[in-house]
């Protein structure tokens, strides 16, 4: 499971996200089902910065209405396409998601021992990336910086890789 810091819901909350998802689905001639709506509400309620599909499955274990694992996976894919969620591959075995809305650009430090995810922003790194791109005549549209290693807590417990 992904472990991370807690973040509040994006500005406009679940209402604005639901409208955005509904507009996307209409363009695709699809409907906003009650399960998709419930799933989106649960994602916002979780207040987790990063989460996996399995985190969501656990959220629905003893609740009604039930949302199947297959529905969760399909809906996450739709929400990524709609621009509501970002999908990250932080490890070999699973994908991690985070809300796209209401947050500034950031990069990630990922602990390979406990899977903790730390968000960070570095103006110096942003400037260096722009400088390297310019040197190569490259025009970046977006980027994702991921640094893998051992977090402070795991390092303190003797984990070294």
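What to note about this one:
- Rounded tilt (10° steps) of 69-81 against the dominant C-alpha axis of the chain: 60
- Shape call, region 107-156: gyration tensor on alpha carbons, a/c limit 1.5: prolate
- Tensor-based shape of region 3-99 (alpha-carbon gyration tensor, a/c under 1.5 rounded, otherwise prolate or oblate): rounded
- Within the chain, helix-based [θ] at 222 nm, where runs of 4 or more DSSP H residues each add -39,500 (n - 2.57), nearest 500: -12500 deg cm²/dmol
- Look at 147, 43, 117 and count the other Cβ atoms within 10 Å of each Cβ; fewest to most, that gives 147, 117, 43.
- Beta bridges per DSSP, both residues in the chain: antiparallel share near 60 percent.
- Peptide packing: for 98-107, 76-85, 128-137, the average count of neighbouring Cβ atoms within 10 Å per residue gives the ranking 76-85, 98-107, 128-137, highest mean first.
- Spin-label zone in region 81-116 - amide nitrogen under 14 Å from a point set 7 Å from the Cα of residue 122 along the C-beta vector: 106-110
- Helix axis angle, 123-135 relative to the chain longest principal axis, alpha carbon, degrees: 80
- Taking Cα atoms only, the orientation of helix 34-46 departs from the longest principal axis of the chain by about 40 degrees.
Read the figures in this text as sums done on the coordinates, not as results from a lab. The shown structure was predicted, so the numbers you read here are calculated from the model rather than taken from an experiment. Backbone-built Cβ (ideal geometry, glycine too); neighbour counts: all protein chains shown.
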